[in-house]
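The values are calculated or read from the model by the stated rules, or taken from the named source; none is laboratory data. Here the structure is a predicted model, which is why all the values come from computation and not from measurement. Every residue, glycine among them, receives a Cβ derived from its backbone with ideal geometry; neighbour counts consider all protein chains shown.
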Amino acid sequence: MSEITTLLIANRGEIAVRIARTARRLGIGTVGVYSEPDVNALHVDAVDVAVALGGSTPAESYLRGEAIIAAALANGADAIHPGYGFLSENAAFARDVEAAGLVWVGPTPEQIELLGDKVAAKRTAIEAGVPTAPMLEIEGASFSGALPDTMPLPVLVKAAAGGGGRGMRIVRSNDEVAAAVAAASREAESAFGDGTVFIEPYLERGRHVEVQVIGDAHGNVVHLGERECSIQRRNQKIVEESPSAGISDETRNALCSGALALAQRVGYRGAGTIEFLVGTAHDGTDGTINFLEVNTRLQVEHPVTEAVTELDLVELQLLVAAGAPLPITQSDVQFSGHAIEVRVVAEDPAAGWLPSTGTVERFMIGDAESGPGRGDGVRVDTGFRDGAVVSPDYDSLLAKVISHASTRRAAALTLARSMRSSQITGLHTNLDSLAEILVEPDYLAAATPTAYLDEHPHVVAAHGPSGADEVALLVAAVLADEAWARPSGAAFGFAPTGWRNLRTTGQRQVWESARGIARHIEFEVRNGAEQAGRERRAIVDVDVAIGPWPLPGDDGALPDDQRERAAVRILDRDIDGDTMRLAIEVDGRRVRVEAGRVAAPTDEVDVAIGGQLGGQTVHVRSAVGAMSWTLAPRFESHDAGADGGGPICPLPGTVIAVHVAAGDRVADGDVLMVVEAMKMEHKITASSDSLVTEVRFAVGDRVDSGDLLVALDQPGQDGNEGGTA
Amino acid sequence: MTIGTALRSRLDTRSDDYHANVAAMEELWAEVESELAKVPSIGGQRYVDRHRRRGKMLVRERVEALVDPHSPFLELSPLAAWGTQDPIGAGMMCGIGVVEGVEVAITGSDMTYRGGAANPTTWAKGHRFYEIVRENRLPLIVLNESAGADLPRQADLFIRGGQSFRDLTQLSKLGVPSITVAFGPNTAGGAYTPGMSDYTVFVRERGTAYLGGPPLVKMAIDEIVDEETLGGAEMHSATSGLSDYLAEDEMDGLRHVRAIIRHLRWNKLGPGPSEPNDPPLYDPAELIGCAQADVRIPFEMREVYARLLDGSRFEEFKPRYGNKMVCGWGSIHGFPVGMLGNNGILFSEEATKAAQFIQLCNKRDIPLVFCHNITGFMVGSKAEQGGIIRNGAKLINAVSNSTVPHFNLMVGASYGAGNYGMAGKAYNPRFIFSWPNHRIAVMGPKQLAGVMDIVARNAAAGRGIEVDDEMEAQLQEQAAALEGQIETESTALFSTGRLWDDGIIHPADSRTVLGMAISAAHSNVVAGATEYGVWRH
């Protein structure tokens, strides 16, 4: 028994923050580590002291076992918690940690080695009597290509060292088996340095269910129930819950007892997860159970287990790692209610879940009413905050949000509300899809096979609020911008918004949503009476028309105005710096909205867009959803075009397309380049017929406002044109 | 510490009288509003459509596209020329607004009315506007396109018309910047509008300027030339140098204006607001019911103040002396003001009290707001023997030589020498705004007709003519006709049509309008007088 007084957390992001939280509660000192890009990350602020590992890729930083052990020793740490990923399932590292006289918070190196090999693990599981489909071990090149009778088609060829779907092949006919084995082996060899593969039955339809176990060094093991993690994309989980609502109690008992038996057989120490695939029979009942693998670490989704058992898994991990006996027996483990976790990830679901990178401008998770993560019954585990950078070097998990309620439905709806109110800007996230899944009828009915996302494309394509909700959020953004744009000291700032003694039109603006939808809005404060000056609390009536305003036809006459009208009342606007809380009523429906802006729309943005009036983005979130709106500039810049130099960049952004090359002749209006800025695509066009002399940026290049993008030579600007030789 | 204490309103807003009065006031306002609605398309739909067909914005659309988002815009003299042969609004737009956070004066011609050609009221309205620009030191933006003078009416225009160019260059001398955008033709004398401006912007393929157009050039020197070569935007930008900025289109021209205003780094010279600008305790919307639609019915001026002043706070000066002149201190949108308003006619006490109050405000550099509801000075032997002329002279001396900005709010009648004593038009206030119930004349129509009747009867008597039935009927008819004529000639619309004020406003907008006017006046130095004429003690 060796008491832990100081713990080194060999990880980053939300899990490092989460481990530090328990350590702090237990009075255990914390030492963190960080790579160069993480120098000011949230996880570094969560620990007492942190040690620089340098570098930016994992290999240069969080995978440097030697440096981490040295940091632990130099800073008086007596234990190392590896979190998940990185070195957490690296037996050699575990061995080095123990050799250095430190406590390794995890299973023994031997257990990691044994269970990390899928073939060995499955063999052990079968020996322990764990319910599972059979396995066909392939001995090197000796495989004949023939499947035994015990292995009906279809089958799955898997790599022993695999994970994340790599080295995996589905085989549906006998003559494909040999080739699939060879291919999977080659892929495994190159990916993991181990070409060992095995074959097991492929379950066409099923659920991913896993059992949490924890054991101590004295042979005691308990299971903490199961989790269902069937909703996955690219073999990665995004929604997890406990208990599984889709399996029978019989299956549940079989899985839990099997997991316990396997853990007991190896004398498992620490927290671990035994993963299963539970097949679904044609009649919808549970079919074949197949053992998948054992994860010898804390799982990402452990909070749902913590919620339903009211246990702190990290606390238990630290206890058993230090050699103490488990403080609980199986009968102490009680389950209450239902917990659901969603993983908020920087990715674009509609674009095939393409990972998204960039700087997080605004990071607001949870209820707009009571602040992030508070007051709405959800737990938020995150390693991010405003201004943090999501880089391709690390996991794109932004946050885990966990709800816990007495029923599954209540937990799902609570979490859905939290997702709707959440807002993360600066990059793409799966927030809208998560919000949609949690209220989707099949999900609420627990009809969640692993193919759920493939079978429900509309949740993948979810894009946030629409209809009256979208209108309310647009109006809120416009009115928030108005209040910010006219501070009390502004010239004539006391007058009602847009006041006129002779009115011709209202105030006209065009706002674009982050998904590229432009909305024209015209609004007019109705004030036969002065609206009590700039009193934000006074009720102000606003007439709103949405849709393009009438423009003169060929004959110069304006067509009839057939726009949608809305009667809006501003009930309250409470400004707190760059955050504003609004209560507005749109056609008799009251909505509370929190608005935020990243930068004051005065100087910074103004300079960025060269006085074109616009470009500022207002982020709005409420119980009906969250959106970001950007005001389209009132003016275009013609400066560079007029000078004959070519178009200049309107906003800082990234070049996403180049349509011309030097030497091309272009006509007035031709698109030369597309710049993505502020989440919108800006077409850069030629302002006159001209010759491209130089394309100054390539796709992917960062461009700043004011940069000359494409050098153009305009006929007539050249003094020699038409001259004689 | 704030100025004064909150006024307590005694207005019964639930009484039948109140509602009847509000209804009558709203009827008066409705007439004004319907006249205002005619102004933007006064040139006729055909010409508005033709203008738009050419891809051009109407002058007020240009203003909307120019001014800062959400900012207010106060159009001045929008009903100039009402009741005359000239179009309502006089074919030009004048106003005060905000561009790049700067309080500016903006004017523009309405090309849809006779090609933007100037008529006699255009000249008068422009003259008044330049006065406002100069006195209040407001950067000036001219959105110009004009065919020049309305030639058939040259006799009423030509001689005085040149003054606008003199005004422009004198503004420049005073350091008040002027920016002209040429959206269309700037012909003949009109070419001097860009010519005399500090900055000029010409819109490509639209803006032109020449002293003589192609027809005149052909007539005069037999040169055949196209418009662009003669005075086009590109020619003036690249060759003549008349254009400082070449704009790609109308919007681009407005963008250039904003860029120019930005580089001015303009600073107002006045001290600006210094008091809390909390709204009045009583709703300014009730102002419409504070004054009487029938100016013969008296009303309490403090009810107006209670809805005009910040927090309804008012520190009354000499409340027990000369109580028909309600003087005191307060603030409007944070700007300290001295208020003078009438609760009846002027006696010697009222005149001397007001004169003293005006001197105090000048010593303290506090602008003055005159709320007119005045039928005149007291007459009669008692008043004369009490020195009403001598004491009235003190008031005229004070208002004539006071140098703090004066603002007139016409909330009721403004008759006779009372108008002078309250710093009326002839006393050069910075701004005058009227409520729709306003009446202005040398005296009330009934009194005037009555006076004329007595004069006629005395003349008859002097000539020994006896008034028989026939003559009696004739005299009565004459008096009624005269009363009707004066009635018509003393309305707010008649007054605003003749530029006796800077516009009729909805009473509920008074705080906004006065706030903008006072704020604009603070663009210039706010300094009180140190010298007056000889006081007749």
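Pairing residues of region A:315-334 that are under 17 Å from A:Trp104 (Cβ atoms) with residues that are among the acidic types (Asp, Glu) and exposed (fewer than 15 other Cβ atoms within 10 Å of the Cβ), at Cβ distances under 7 Å and at least 6 apart in sequence or on separate chains, gives A:Ala322/A:Glu3.
Looking only at residues that are charged (D, E, K, R) and either part of a loop (DSSP other than H, G, I, E, B) or away from chain A (no Cβ under 14 Å) (or both) in region B:229-265, which one is nearest to B:Ala188 (Cα to Cα)? For region B:229-265, the residue satisfying everything is B:Asp244.
Can you tell me which residue within region B:502-512, out of those that are of a type in the set (A, V, I, L, M, F, W, C) and at the interface with another protein chain (Cβ under 7 Å from one of its Cβ atoms), is surrounded by the most Cβ atoms within 10 Å (Cβ to Cβ)? The qualifying residue surrounded by the most Cβ atoms within 10 Å (Cβ to Cβ) is B:Ile505. All of (1) more than 20 Å from B:Arg114 (Cβ to Cβ); (2) assigned to a loop (DSSP other than H, G, I, E, B); (3) free of Cβ contacts under 8 Å to residues at least 24 places away in the same chain; (4) of a type outside the set (Phe, Trp, Tyr) hold for B:Asp68 with one exception: (3).
Among the candidates A:Ala50, A:Ala67, the residue that is surrounded by fewer than 24 Cβ atoms within 10 Å (Cβ to Cβ), assigned to a helix (DSSP H, G or I), touching a Gly at 6+ places or on another chain (Cβ under 9 Å) and free of Cβ contacts under 8 Å to residues at least 40 places away in the same chain is uniquely A:Ala67. Residues of region A:629-668 being within 12 Å of chain B (Cβ to nearest Cβ), surrounded by 21 or more Cβ atoms within 10 Å (Cβ to Cβ) and modelled with pLDDT under 85, which ones? Those that are within 12 Å of chain B (Cβ to nearest Cβ), surrounded by 21 or more Cβ atoms within 10 Å (Cβ to Cβ) and modelled with pLDDT under 85: A:Ser637, A:Gly641.
Of all residues in region A:223-254, those that are of a type outside the set (D, E, K, R) and under 23 Å from A:Gly270 (Cβ atoms) total 6.
Among the residues of region B:433-442, is any modelled with pLDDT of 90 or more, more than 30 Å from B:Pro280 (Cα to Cα) and more than 14 Å from chain A (Cβ to nearest Cβ)? Looking for residues that are modelled with pLDDT of 90 or more, more than 30 Å from B:Pro280 (Cα to Cα) and more than 14 Å from chain A (Cβ to nearest Cβ), one finds at least one in region B:433-442, hence yes. Tallying residues that are within 25 Å of B:Glu26 (Cβ to Cβ) and within 16 Å of the chain's Cα centre (by Cα) within region B:408-441 yields 14. Among the residues of region A:174-210, those that are farther than 20 Å from A:Pro152 by Cα, among the small types (Gly, Ala, Ser) and in a helix (DSSP H, G or I) comprise A:Ala183, A:Ser185, A:Ala188, A:Ser190, A:Ala191. Just so you know, in region B:80-98 the residues that are more than 20 Å from B:Arg160 (Cα to Cα) and more than 9 Å from chain A (Cβ to nearest Cβ) include one that is surrounded by the fewest Cβ atoms within 10 Å (Cβ to Cβ), and it is B:Gly83. Of the helices (runs of 4 or more DSSP H) that lie entirely inside region B:296-396, those containing 3 or more residues that are buried (at least 19 other Cβ atoms within 10 Å of the Cβ) and small (Gly, Ala, Ser) span B:348-363. Test B:Gly184 against the criterion of being under 23 Å from B:Ala81 (Cβ atoms) and in a helix (DSSP H, G or I), and give yes or no. For B:Gly184, the condition - under 23 Å from B:Ala81 (Cβ atoms) and in a helix (DSSP H, G or I) - is not met. For region A:520-536, a residue qualifies if it is at pLDDT below 90 and within 11 Å of another protein chain (Cβ to nearest Cβ), and the qualifying residues are A:Val525, A:Asn527, A:Gly528, A:Ala529, A:Glu530, A:Gln531, A:Ala532, A:Gly533, A:Arg534, A:Glu535. One residue stands out among those in region B:298-349 that are among the basic types (Lys, Arg) and closer than 18 Å to B:Pro507 by Cα: the one that is farthest from the other protein chains (Cβ to nearest Cβ), which is B:Arg302. Only a single item in (1) over 28 Å from B:Gly515 (Cβ atoms); (2) at the interface with chain A (Cβ under 10 Å from one of its Cβ atoms); (3) not in a loop (DSSP other than H, G, I, E, B) is not met by B:Lys56, and it is number (3). A:Ala626 falls short on exactly one of the conditions (1) closer than 30 Å to B:Asp68 by Cβ; (2) at pLDDT below 85; (3) among the aliphatic types (A, V, I, L, M), and that condition is (2).
Within region B:187-212, being hydrophobic (A, V, I, L, M, F, W, C) and either over 14 Å from B:Leu254 (Cβ atoms) or not in a strand (DSSP E or B) (or both) holds for B:Ala188, B:Ala191, B:Met196, B:Ala209, B:Leu211. The set of residues in region B:249-271 that are crowded, with 20+ Cβ neighbours inside 10 Å and of a type in the set (D, E, K, R) comprises B:Glu250, B:Asp252, B:Arg255, B:Arg258, B:Lys268.
The residues of region B:65-79 that are more than 18 Å from B:Trp500 (Cβ to Cβ), in contact with a helix residue (DSSP H, G or I) (Cβ under 9 Å, 6 or more places away or on another chain) and more than 9 Å from chain A (Cβ to nearest Cβ) amount to a single one, B:Leu66. Whenever a residue of region B:207-224 is farther than 20 Å from B:Phe183 by Cβ, its partners that are surrounded by 16 or more Cβ atoms within 10 Å (Cβ to Cβ), lying with C-beta atoms within less than 6 angstrom and at least six residues away or across chains, give the pairs B:Glu223/B:Val217. Candidates in region B:274-291 are the residues that are facing chain A (nearest Cβ under 9 Å) and out of contact with any helix residue (DSSP H, G or I) (no Cβ under 7 Å at 6 or more places or on another chain); of these, the one that is surrounded by the fewest Cβ atoms within 10 Å (Cβ to Cβ) is B:Asp283. Restricting region B:34-44 to residues that are more than 8 Å from chain A (Cβ to nearest Cβ) and in a helix (DSSP H, G or I) leaves a set whose member that is surrounded by the fewest Cβ atoms within 10 Å (Cβ to Cβ) is B:Ser34.
Matching residues to (1) within 27 Å of B:Gln45 (Cβ to Cβ); (2) assigned to a helix (DSSP H, G or I):
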site	(1), (2)
B:Ala90	yes, no
B:Met93	yes, no
B:Ala105	no, no
B:Gly115	yes, yes
B:Thr122	yes, yes
B:Lys125	yes, yes
B:Ile132	no, yes
B:Leu143	yes, no
B:Arg153	yes, yes
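What about B:Met25, is it more than 7 Å from every other protein chain (Cβ to nearest Cβ), part of a helix (DSSP H, G or I), of a type outside the set (Asp, Glu) and in contact (Cβ under 8 Å) with a residue 60 or more places away in the chain?
For B:Met25, the condition - more than 7 Å from every other protein chain (Cβ to nearest Cβ), part of a helix (DSSP H, G or I), of a type outside the set (Asp, Glu) and in contact (Cβ under 8 Å) with a residue 60 or more places away in the chain - is met.
Limited to region B:126-157, what total is found for residues that are at pLDDT 95 or above and either over 24 Å from B:Gly83 (Cβ atoms) or buried (at least 24 other Cβ atoms within 10 Å of the Cβ) (or both)? Matching residues across region B:126-157 total 12. Residue count for region A:586-616, restricted to those that are modelled with pLDDT of 90 or more and crowded, with 19+ Cβ neighbours inside 10 Å: 6.
Screening A:Gly489 against (1) surrounded by fewer than 19 Cβ atoms within 10 Å (Cβ to Cβ); (2) part of a helix (DSSP H, G or I); (3) over 22 Å from the mean Cα position of the chain (by Cα) leaves a single unmet condition, (2).
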